[in-house]
Amino acid sequence: MNLTYTTVRSAKRKKLTITVERDSSILVLAPESATDEAIDRVVQSKRQWLFEKLQNAPKYQGTHAPGKEVVSGESALYLGREYRITLTDAPDARVVFDRAFVIPKGDRLQTRQAFRDWYQAQAQEVILPRVQRLSLELGVDLAEAVIVDDRLRWGSCTAKNNVRLNWRLIKAPMSVIDYVIVHELAHLIEGNHTPAFWNIVRAKVPGAEKSKAWLKEHGQILEEEI
Ligand SMILES: [Zn+2]
C-alpha cells in the first residue's frame, strides 16, 4: 500500500512530527531544512505505525457535531450517566450539580462556557488524582499529568513521560476513565500496542474491552463543544 501525505515546513519547527488527521490524511510537520528524501525516509520508517493508526481511525463524517444545547429539559453526561439540565435566573450563579445540572441563564455562549468550565474543573478534580494513584500502583515513572482540550484523542503521552487526558473524559464512566489512564500510563513502560502492552492494561483494567467499545460508540463526544 502506498502512503500519501502532506508536508508542511516551518522555520520554527525543530523536529519532524507525523500525525494522522481525523479525515485519515497524513500530515507531516517538518523543519524548513528537511529535504523531501529525508522526510520520506522518516515516513517510510513509520509505515507500520501509520497503517495501524489508519486502520484504527474512527470513521468521521467530517461535519462538526454541535454538541448539547444547554436548555431546560435537555440532559448532559457526567461520569457515564445522563443528568437533567435546569436553567436558573439567579444572578451570577455558577453551574451547580446535585443529581441534576442547574445552570445560570445567559446568552448561548455564556451558558455553554459556564458548562464547559464546570466540566473542565471537574476533570481536574476527579481525573488527575486518579492518574497519580494508578501511576503509583503500576509503578511507572510519570512526570506530569495534565487535562487538555483535544478534538482528536482521549489521551496521549509524551516522550518526557507526561500524560495528557482530554477533559471530555469526565463524561465517561469511571471504568472508562481508568482504562484511558492505564492505557497512557502503560505506554510509559511499552511504547507500542504489543501483546506485552495489552497484558499490562488488561491486568490492571479487566473491563478494558468494554471500555474500548464505549469510547468507540461515544467517539463523537470528542467533536462536541461541550
Ligand atoms: Zn496507545
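The values are calculated or read from the model by the stated rules, or taken from the named source; none is laboratory data. Quick caveat: nothing in here was measured; it's all calculated off a predicted structure. Here Cβ is always computed from backbone atoms with ideal geometry, including for glycine, and neighbour counts include all displayed protein chains. Each accessible area value is taken on the protein alone, full model and side chains, heavy atoms only, with ligands, DNA and RNA left out. Shrake-Rupley method; radii C 1.70, N 1.55, O 1.52, S 1.80 Å.
Remarks
- Where strands (runs of 3 or more DSSP E) sit wholly within segment 134-203, those with at least 2 residues that are crowded, with 16+ Cβ neighbours inside 10 Å and within 16 Å of the ligand (Cβ to nearest atom) occupy 155-157, 162-166.
- With respect to the conditions (1) touching a residue at least 24 places away in the same chain (Cβ under 8 Å); (2) open to solvent by less than 40 Å² (accessible area, probe 1.4 Å); (3) within 13 Å of the ligand (Cβ to nearest atom), Q122 lacks only one, and its number is (3).
- Within segment 18-37, restricting attention to residues that are modelled with pLDDT of 80 or more and surrounded by fewer than 13 Cβ atoms within 10 Å (Cβ to Cβ), the residue that is nearest to the chain's Cα centre (by Cα) is E32.
- Qualifying residue in segment 132-151 (condition: over 17 Å from the mean Cα position of the chain (by Cα) and among the acidic types (D, E)): yes
- Filter pass, R94 being at pLDDT 80 or above, in the same structural domain as K216 (by TED's automatic domain parsing), assigned to a loop (DSSP other than H, G, I, E, B) and open to solvent by 70 Å² or more (accessible area, probe 1.4 Å): yes
- Those residues of segment 101-119 which are free of Cβ contacts under 8 Å to residues at least 60 places away in the same chain and either in a strand (DSSP E or B) or surrounded by 14 or more Cβ atoms within 10 Å (Cβ to Cβ) (or both), in sequence order: F101, V102, I103, P104, K105, G106, T111, Q113, A114, W118
- Being among the hydrophobic types (A, V, I, L, M, F, W, C) and touching a residue at least 12 places away in the same chain (Cβ under 8 Å) is a property that L165 has.
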